[in-house]
Amino acid sequence: MYFCISMAPTLKRGKDRRSGLILTIPLCTEQTSMEELSATLDYLLSIPSEKCKARGFTVIVDGRKSQWNIVKTVVLMLQNVIPAEVSLVCVVKPDEFWDKKVTHFCFWKEKDRLGFEVILVSANKLTRYIEPCQLTDEFGGSLVYDHLDWLNKRLVFEKFTKESTSLLDELTVINENEKGSQADKDRSSESNIMPSFDPETVLQTGHELLSELQQRRFNGSEGGGGGTAWSPMDDELLAQPQVMKLLDSLREQYTKYQEVCRQRSKRSQLEEIQTKVMQVVNWLEGPGTEQLRTQWGIGDSIRASQALQQKHEEIESQHSEWFAVYVELNQQIAALLSAGDEEDLMELKGLQQQLSDVCYRQASQLEFRQNVLQSAHEFHMTAQDLSQQLDGLLGMLCADVAPADGAAIQQTLKHLEEKLKSVEGALQSLREKGQVLLDQMSTQTSFSYGKDVSIENKDNIDHIHNVMEDMQLRKQRCEDMVDVRRLKMLQMVQLFKCEEDALQAVEWLGELLDALLKTHIRLGDDSQETKVLLEKHKKFVDVAQSTYDYGRQLLQATVVLCQSLRCTTRSSGDTLPRLNRLWKQFTVTSDERQHRLEMASAFHTAAEKILRESPELAELMVDVEAYEEVETVGKGLLDRLTVPVIFPDG
């Protein structure tokens, strides 16, 4: 606190011979406000203790730079301000100043009325009344005194006193309110009140001030030579215990306040966690559950199931944000549990349990829904794949079959069997996936906390059953058509086989005819050989007859098969005419061969008979008749041999 006035009184550290304090009032030539001077004196006199003020004051009025009437006014004012405390007033006069008679007469005249002695003295003679070591250098003394430094420290002390006292009151109120709020938790607390000053700053200021005061006291007690030593003023001695007391009280209340702040922070953190927990719980049990409740379909195709999966991913993304908050809250609760008070453990554990239950339940519902959608997607994919296979198989069955040969038919049959087997495997896979999906939907859990909520799965279940039944019916129709196609193809294989075997019979008959014409030409050298050739010829004819009959049966079978297969464009072609033509040629040739062998047998028999008879027989006519018979047969055989076995026209 600094007074910018013309006369600034100072309460210096020096003391008079009675150990009273010395009050110095420097006067100047400028106009002085007596009101300000009086207020300044009142302030300075409020600093010393009553014991110190009881020893009285020595007032030095430095009038060397002022006028007499101002000095006189100041001296008279002392009577009103501090009449009882003033013991001596020393008016320091200038070397060339005032009329001695007037001044002495005036103060002497007012002595009884003033109540203190007033002495006019020169600066160099002031030491007669006050020790030089108690005077500053401006009055010829050796006392070291810096008024501005004292004033700054005084301002710091008063600022600290004011702030610390106010802070102490505020902290006391806050701590008491906190104690009352803890005793009655239902009562609204004013614990949110914050102190007007920063306790750390005020304590730091107080410690610095106390250190400065203690340092000054130490320096004063040490003392020094050369008249520069001084004793601490009584106000500084009084300030030390006051500062220490304030610091002790502040530390005590500040410690309590720190605990209050810790409790506040803990409660605030607990309330914040509770608020966030309820936000998470309310969202998961409200909008989150509602989202899952409205998304219960499985779609009727791959595209629909994919759209539902995409929608579910969006729902999962929204849930992930709340699950991240859950993880953060769980970590905060775990930290509080590890360092929490007993009274908070139950509440924290309850919050943690509630949060975990809701989050795990919601996460399991999301996972369950995801599994259902995945199973539905696989079911629809299998159904679509099966449908495409059935369409392909049906296309094969509906197409006209025009195989070139039996091998092609066998290949087609094999391909059909493979297709049918693949369809059966796909249908079995569809049944398995459908059953998995049905089982999942039958075990669907509740979407409401603590309540049973029925999910409308009837449409989904009906759809699954309808798809499987439809695929089963389509597969059955295809199986029936495959059976028909298999029978038809087997008939075609039989047809091709009959045609092939008929051609083979024609070839065989042709080969028999060729052999008959080219190799069956001998007639035998005797009757016995001719008979053997006849037996062989009959057997040869029997083989040809069997071959012809086999060919005829095969060709008749082809006609029946063509009629069954409705192959109007297919017939035996020229096989039957070839067979008939060859058979006719063969029969003509075989008959001719038969006649020639029979004639040869008759010729050899007759000839051998003649040759066996003796030439001496008497009856010549008999011999002539036998010879003629042989000759006739022989000529007839020769004539027959000159004719072709078969003519070019067959």
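The values are calculated or read from the model by the stated rules, or taken from the named source; none is laboratory data. These numbers were taken from a predicted model, which means no experiment stands behind them. Glycine gets a Cβ as well: all are built from the backbone with ideal geometry, and neighbour counts include every protein chain shown. Note: accessible area is taken over every heavy atom of the protein model, side chains too, but ligands, DNA and RNA are not part of it. Shrake-Rupley method; radii C 1.70, N 1.55, O 1.52, S 1.80 Å.
Residues in region 118-134 that are under 20 Å from VAL71 (Cα atoms) and open to solvent by less than 50 Å² (accessible area, probe 1.4 Å): how many? Explain how you work it out, then say what you get.
As a first pass, look at region 118-134 and keep what is under 20 Å from VAL71 (Cα atoms): 118-126, 129.
With the extra rule that they be open to solvent by less than 50 Å² (accessible area, probe 1.4 Å), the set shrinks to 118-123, 126.
The number of residues fulfilling the criteria is 7.
Restricting the search to region 23-45, which residues are assigned to a strand (DSSP E or B) and either at pLDDT below 80 or open to solvent by less than 30 Å² (accessible area, probe 1.4 Å) (or both)?
Within region 23-45, the subset assigned to a strand (DSSP E or B) is 23-26.
Of everything in region 23-45, those that are assigned to a strand (DSSP E or B) and either at pLDDT below 80 or open to solvent by less than 30 Å² (accessible area, probe 1.4 Å) (or both) turn out to be LEU23, THR24, ILE25.
Looking only at region 299-341, count every residue that is of a type in the set (Val, Ile, Thr) and either under 30 Å from GLN263 (Cβ atoms) or outside any helix (DSSP H, G or I) (or both) and tell me the total.
Applying the first criterion (of a type in the set (Val, Ile, Thr)) to region 299-341 yields 302, 315, 325, 327, 333.
Right, trim to either under 30 Å from GLN263 (Cβ atoms) or outside any helix (DSSP H, G or I) (or both) and you get 325, 327, 333.
Qualifying residue count, region 299-341: 3.
If you take the residues of region 268-298 that are in a helix (DSSP H, G or I) and within 18 Å of GLN440 (Cβ to Cβ), which of them is most open to solvent (accessible area, probe 1.4 Å)?
Residues of region 268-298 that are in a helix (DSSP H, G or I), as a first pass: 268-294.
Applying the additional criterion that residues be within 18 Å of GLN440 (Cβ to Cβ) yields 292-293.
Values: LEU292: 2, ARG293: 79 Å².
Only one residue tops the list, namely ARG293.
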Here is a list of conditions, (1) within 30 Å of MET481 (Cα to Cα); (2) open to solvent by less than 80 Å² (accessible area, probe 1.4 Å); (3) touching a helix residue (DSSP H, G or I) at 6+ places or on another chain (Cβ under 9 Å), and GLN384 meets all of them except one; can you say which number that is? (2)
Filter region 405-430 for residues that are assigned to a helix (DSSP H, G or I) and of a type in the set (D, E, K, R); the one that is most open to solvent (accessible area, probe 1.4 Å) is LYS421
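Being among the polar types (S, T, N, Q) and in contact with a Pro (Cβ under 8 Å, 6 or more places away or on another chain), is that true of even one residue in region 366-373?
Step one: of region 366-373, the residues among the polar types (S, T, N, Q) are 370-371.
Add one more test, that the residue is in contact with a Pro (Cβ under 8 Å, 6 or more places away or on another chain), and what stays is none.
No, region 366-373 has no match at all.
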Within the group SER301, SER249, SER265, SER305, which residue is out of contact with any Ser or Thr (no Cβ under 6 Å at 6 or more places or on another chain), open to solvent by less than 80 Å² (accessible area, probe 1.4 Å) and modelled with pLDDT under 85? SER265
Residue pairs, Cβ under 9 Å, 6 or more apart or interchain, first in region 622-641 and open to solvent by 30 Å² or more (accessible area, probe 1.4 Å), second of a type in the set (Lys, Arg) and at pLDDT 80 or above. List them. ARG640/ARG596; LEU641/ARG596
Hey, any hits in region 434-443 for a residue that's at pLDDT below 80 and surrounded by fewer than 14 Cβ atoms within 10 Å (Cβ to Cβ)? yes
Show the residue pairs meeting these rules: Cβ distance below 9 Å; 6+ apart or different chains; first residue within region 320-335 and more than 16 Å from GLN353 (Cβ to Cβ); second residue of a type in the set (Gly, Ala, Ser) and in a helix (DSSP H, G or I). TRP322/GLY288; PHE323/ALA363
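Examine region 466-481 for a residue that is within 30 Å of GLU417 (Cα to Cα) and of a type in the set (Val, Ile, Thr), and state whether such a residue exists. Talk me through it step by step, then tell me what you get.
Let us first name the residues in region 466-481 that are within 30 Å of GLU417 (Cα to Cα), namely 466-481.
Applying the additional criterion that residues be of a type in the set (Val, Ile, Thr) yields 467.
Yes; the residues of region 466-481 include at least one that is within 30 Å of GLU417 (Cα to Cα) and of a type in the set (Val, Ile, Thr).
Of all residues being more than 23 Å from LEU27 (Cβ to Cβ) and small (Gly, Ala, Ser) in region 135-176, which is surrounded by the most Cβ atoms within 10 Å (Cβ to Cβ)? Just the residue, please.
Initially, region 135-176 is screened for residues more than 23 Å from LEU27 (Cβ to Cβ), giving 142, 144, 152-153, 155-176.
Checking which are small (Gly, Ala, Ser) leaves us with 142, 164, 166.
Values: SER142: 16, SER164: 24, SER166: 14.
Residue satisfying both the conditions and the ranking: SER164.
Please work out if VAL559 is out of contact with any Lys or Arg (no Cβ under 9 Å at 6 or more places or on another chain), part of a helix (DSSP H, G or I) and open to solvent by 30 Å² or more (accessible area, probe 1.4 Å). So that I can check it myself, show each step before the final result.
Details: out of contact with any Lys or Arg (no Cβ under 9 Å at 6 or more places or on another chain): yes; part of a helix (DSSP H, G or I): yes; open to solvent by 30 Å² or more (accessible area, probe 1.4 Å): yes.
Considered against the rule, which asks whether it is out of contact with any Lys or Arg (no Cβ under 9 Å at 6 or more places or on another chain), part of a helix (DSSP H, G or I) and open to solvent by 30 Å² or more (accessible area, probe 1.4 Å), VAL559 comes out as yes.
Could you please let me know if LEU517 is within 23 Å of ASP574 (Cβ to Cβ) and open to solvent by 30 Å² or more (accessible area, probe 1.4 Å)?
Working: within 23 Å of ASP574 (Cβ to Cβ): yes; open to solvent by 30 Å² or more (accessible area, probe 1.4 Å): yes.
Against the criterion (within 23 Å of ASP574 (Cβ to Cβ) and open to solvent by 30 Å² or more (accessible area, probe 1.4 Å)), LEU517 qualifies.
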Failed item in (1) open to solvent by 50 Å² or more (accessible area, probe 1.4 Å); (2) assigned to a helix (DSSP H, G or I); (3) in contact with a helix residue (DSSP H, G or I) (Cβ under 8 Å, 6 or more places away or on another chain); (4) among the charged types (D, E, K, R), with ASP501 passing the rest: (1)
Return the residues of region 475-494 that are closer than 15 Å to SER387 by Cα and surrounded by fewer than 19 Cβ atoms within 10 Å (Cβ to Cβ); say none if nothing qualifies. GLN476, ARG477, GLU479
Just to be sure, is LYS256 among the basic types (Lys, Arg), part of a helix (DSSP H, G or I) and either touching a Lys or Arg at 6+ places or on another chain (Cβ under 8 Å) or closer than 26 Å to GLY350 by Cβ (or both)? no
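In this structure, does SER375 turn out to be surrounded by 16 or more Cβ atoms within 10 Å (Cβ to Cβ), more than 22 Å from ASP480 (Cα to Cα) and of a type in the set (S, T, N, Q)?
Numbers: surrounded by 16 or more Cβ atoms within 10 Å (Cβ to Cβ): yes; more than 22 Å from ASP480 (Cα to Cα): yes; of a type in the set (S, T, N, Q): yes.
When the stated conditions are applied, SER375 passes them.
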Of the residues that make up region 85-101, is at least one modelled with pLDDT under 75 and part of a helix (DSSP H, G or I)? yes
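Would you pick out the residues in region 48-61 that are out of contact with any Ser or Thr (no Cβ under 7 Å at 6 or more places or on another chain) and either modelled with pLDDT of 80 or more or surrounded by 19 or more Cβ atoms within 10 Å (Cβ to Cβ) (or both)?
Let us first name the residues in region 48-61 that are out of contact with any Ser or Thr (no Cβ under 7 Å at 6 or more places or on another chain), namely 48-54, 59, 61.
Those that are out of contact with any Ser or Thr (no Cβ under 7 Å at 6 or more places or on another chain) and either modelled with pLDDT of 80 or more or surrounded by 19 or more Cβ atoms within 10 Å (Cβ to Cβ) (or both): PRO48, CYS52, VAL59, VAL61.
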It is to be established whether one or more residues within region 9-22 are within 15 Å of ILE70 (Cβ to Cβ), buried (at least 19 other Cβ atoms within 10 Å of the Cβ) and modelled with pLDDT under 75. yes
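Could you tell me whether ALA339 is surrounded by fewer than 17 Cβ atoms within 10 Å (Cβ to Cβ) and over 30 Å from SER442 (Cα atoms)? Give the derivation first.
Numbers: surrounded by fewer than 17 Cβ atoms within 10 Å (Cβ to Cβ): yes; over 30 Å from SER442 (Cα atoms): yes.
Yes: the conditions hold for ALA339.
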Quick check on region 380-394. Is at least one of its residues touching a Phe, Trp or Tyr at 6+ places or on another chain (Cβ under 9 Å), more than 30 Å from SER268 (Cβ to Cβ) and touching a residue at least 24 places away in the same chain (Cβ under 8 Å)? no
